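Engineer: Take a look at this one; I'll ask things after.
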Amino acid sequence: MASTEHQNGDAVSHPHKKLKPTNFITDAEIQSEFSHHDPAVARLNNGAFGCCPASVLAVQRDWQLKNLRQPDQFYFNHLKSGLLRSRTIIKDLVNAHHVDEISLVDNASTATAIVLQQAAWAFHDGTFQKGDVVLMLHYAYGAVKKAIEAYVVRAGGSVVVVPLRFPVTSNDEIVREFRKAIEKGKSRGNRIRLAVIDHVTSMPSVVIPVKELVTLCREEGVEQVFVDAAHAIGCTRVDMQEIGADFYTSNLHKWFFCPPSVAFLYARASPKSRDLHHPVVSHEYGNGLAVESSWTGNRDYSAQLVVPAVMDFVKRFEGGIEGIRKRNHDVVVEMGKMLVEAWGTHLGTPPDMSASMVMVGLPPCLGIMSDSHALKLRTRLRDEFGVEVPIYFAGGEEDATVTAYARISRQVYNKLEDYLKFKDAINQLVTDGFTCALLSD
């Protein structure tokens with residue numbers, strides 16, 4: 001059993017020896033790393049909760065025991081240096097200018113609260129005027145919509161939603177609708193104070209052209225841009241200088257192999273970013289968001305401390321995290337095409353608008369005509385067939401032959417058999433004459 005040195009000089013055990021760059025991880029080793037997954041389930045929903053390999057879980061446990069063994073020594077000698085090392089790795093991965101622009105928080109929802117809390121204060125102190133606008137996509141994550149309601153609407157702001165149809169066929173559609181929404185937001189003489197833009201939307205899953213939308217915001221005088229990229233790191237290309245947003249957040253436990261839960265929040269250095277604060281106020285209040293976030297009280301910080309171990313894990317794959325990302329995309333598109341060909345349907349987006357998740361049209365004969373139907377079908381697939389996959393009801397538009405889509409994910413632990421199991425489950429339901437109308441409330 002090998003060991004590596006943390007920045008603080010402490011050796012932490014790893015269950016795998018450090019490999020030469022040419023000796024990449026084997027299929028058997030990958031399955032061993034994820035042997036804690038339920039073998040009876042075709043796990044096609046990595047996008048929801050992510051995954052964490054055994055080698056990283058072992059390092060997390062070492063950090064937890066270090067804290068429990070001698071909490072004072074852990075706090076005074078190890079915690080801050082360990083968090084700084086994690087933040088520095090993320091800073092380099094996402095091409096931020098300075099490590100102080102990177103804060104570690106629990107999840108993207110916490111990051112959203114930090115950004116929207118600043119907007120709420122601006123309404124309360126008169127910096128923003130009643131009726132000033134926050135822009136968001138129709139596809140925005142449900143929790144983000146609720147946060148905008150809680151922080152912005154209650155403070156006197158108004159919301160303009162960018163309407164987006166699904167399926168979507170091109171980035172031009174998104175840019176066109178976004179431009180119209182900006183015009184609508186400015187039409188009553190109010191200022192658009194903040195645009196909230198997804199990078200990879202959740203349901204339906206679409207890669208949004210964030211660089212183009214941020215550029216459009218700058219041209220049209222939108223004051224600040226926050227990119228909610230909960231799925232992004234490890235799933236699509238992430239570069240802070242290229243994207244150019246004021247704020248950007250991504251979970252590290254979805255596609256970056258950290259245990260739940262941890263995310264980073266990038267806040268571009270500016271006078272306004274100095275007024276961002278963690279919503280849980282503790283002793284570090286006023287010392288900058290990155291420092292405030294490093295101590296919000298006595299709690300388990302281990303998920304934030306294992307980023308170096310995650311880097312050790314991904315380096316065992318050809319191309320590192322970028323190689324993993326590209327292979328996941330290629331395979332999930334291939335699997336999506338295989339499924340829609342079997343069912344006579346279509347994908348919800350072109351391949352270049354997908355990342356490590358693809359929206360797969362389900363057979364119309366299943367009769368999915370509501371969100372309730374979609375949820376009940378998902379439950380049946382889980383309970384009866386051992387398939388875990390989210391279902392999206394796209395709406396019963398008159399010209400829609402496909403009313404619902406499955407969002408399939410691909411991560412390194414997935415095998416061809418997972419997707420064949422899903423295909424066979426749907427085929428069995430079709431053969432049996434199943435329709436969602438048969439499901440009881």
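Engineer: Need one value: the accessible area of ARG179 in square angstrom, 1.4 angstrom probe, rounded to the nearest 10.
Structural biologist: The value for ARG179 is about 100 Å².
Engineer: Then there's this: Using only Cα atoms, locate the centre of segment 244-285 and the centre of segment 145-175, then give the distance between them in Å, rounded to an integer.
Structural biologist: So the two Cα centres are separated by 21 Å.
Engineer: Now a separate question. Once the convex hull of the alpha carbons of segment 38-89 is built, what does its volume come to per residue, in cubic angstrom?
Structural biologist: It comes to 114 Å³ per residue, whole-number rounded.
Engineer: Separate question: Summing Lys, Arg as +1 and Asp, Glu as -1, what charge do residues with Cβ under 12 Å from the Cβ of ASN171 carry, ASN171 excluded? Show your work: numbers first, answer last.
Structural biologist: Details: positive: ARG176, LYS211; negative: ASP172, GLU173, GLU177, GLU212, ASP352.
After counting each charged neighbour, the total is -3.
Engineer: Given the -39500 (n - 2.57) contribution per DSSP H run of 4+ residues, what per-residue ellipticity at 222 nm results for the chain, rounded to the nearest 500 deg cm²/dmol?
Structural biologist: Result for the chain, helices only: -11500 deg cm²/dmol.
Engineer: Out of (1) 28, 26, 22; (2) 46, 23, 20; (3) 34, 32, 18, which label holds the value of semi-axes √(5λ) of the Cα gyration tensor in Å that was computed here?
Structural biologist: Read-out from the structure maps to (3).
Engineer: Now for a separate question. Full-extension gain between ASN427 and SER35, please, as 0.36 nm times their residue separation minus the C-alpha to C-alpha distance. Please report the intermediate quantities before stating the final value.
Structural biologist: Working: separation 392, 0.36 × 392 = 141.12 nm, distance 2.85 nm.
Roughly 138.3 nm would be gained on extension.
Engineer: Using only Cα atoms, what Kirkwood radius does segment 188-330 have, in angstroms?
Structural biologist: The answer is 16.9 Å.
Engineer: OK, next. Dimensions of segment 62-130 along principal axes (Cα, Å, largest first)?
Structural biologist: 52, 28, 19
Engineer: A further question on this structure: Quick one: order HIS98, HIS124 from most to least accessible surface, probe 1.4 Å.
Structural biologist: HIS124, HIS98
Engineer: Taking square-rooted eigenvalues a ≥ b ≥ c of the alpha carbon gyration tensor, is segment 256-320 rounded, prolate or oblate, where a/c under 1.5 means rounded and, failing that, a/b exceeding b/c means prolate?
Structural biologist: Taking the square roots of the gyration eigenvalues as a ≥ b ≥ c, segment 256-320 is oblate.
Engineer: Follow-up. Given the whole protein assembly as supplied and a 1.4 Å probe, what does the accessible area of HIS329 come to in Å², nearest 10?
Structural biologist: Here the accessible area works out near 50 Å².
Engineer: How do ASP228, ASP275 stack up against each other in accessible area, from largest to smallest, with a 1.4 angstrom probe? Display every interim value, and only then the final one.
Structural biologist: Numbers: ASP228 10, ASP275 75 Å².
From most exposed to least exposed: ASP275, ASP228.
Engineer: Over segment 300-441, what lengths in whole Å, largest first, do the semi-axes of the equivalent ellipsoid take, defined as the square roots of 5 times the eigenvalues of the alpha-carbon gyration tensor?
Structural biologist: Values: eigenvalues 201, 60, 41 Å².
In descending order, the three semi-axes are 32, 17, 14 Å.
Engineer: Something else now. At q = 0.15, 0.20, 0.21 Å⁻¹, what log₁₀ I(q)/I(0) does a Debye calculation on the Cα points of segment 148-271 give, no solvent, two decimals?
Structural biologist: The computed values of log10 I(q)/I(0) come out as -0.75, -1.27, -1.35.
Engineer: Also, I was wondering about something else. Provide the net charge surrounding ILE243, with neighbours chosen by a C-beta distance below 14 Å and charges set as Lys +1, Arg +1, Asp -1, Glu -1.
Structural biologist: Residues close to ILE243 contribute a combined charge of -3.
Engineer: So, taking all protein chains as they sit and a 1.4 Å probe, how much accessible area belongs to HIS36, in Å² rounded to tens?
Structural biologist: Its heavy atoms expose roughly 100 Å² to the probe.
Engineer: In whole Å and largest first, what semi-axes does the C-alpha gyration tensor of segment 152-198 yield when each eigenvalue is scaled by 5 and square-rooted? Write down the numbers at each step before the final one.
Structural biologist: Details: eigenvalues 105, 30, 13 Å².
Each semi-axis is √(5λ); the values are 23, 12, 8 Å.
Engineer: Another question, if that's okay. Sorted by accessible area with a 1.4 angstrom probe, largest first, how do TRP255, TRP295 fall?
Structural biologist: Reading off the accessible areas and sorting them downward yields TRP295, TRP255.
The values are calculated or read from the model by the stated rules, or taken from the named source; none is laboratory data. Keep in mind that what you see is a predicted model, and the values were worked out from it rather than measured. FYI the Cβ positions are ideal-geometry reconstructions off the backbone, even for glycines, and counts take in every protein chain you see. Heads up: the accessible areas ignore ligands, DNA and RNA and are worked out on the full protein's heavy atoms, side chains in. Shrake-Rupley method; radii C 1.70, N 1.55, O 1.52, S 1.80 Å.
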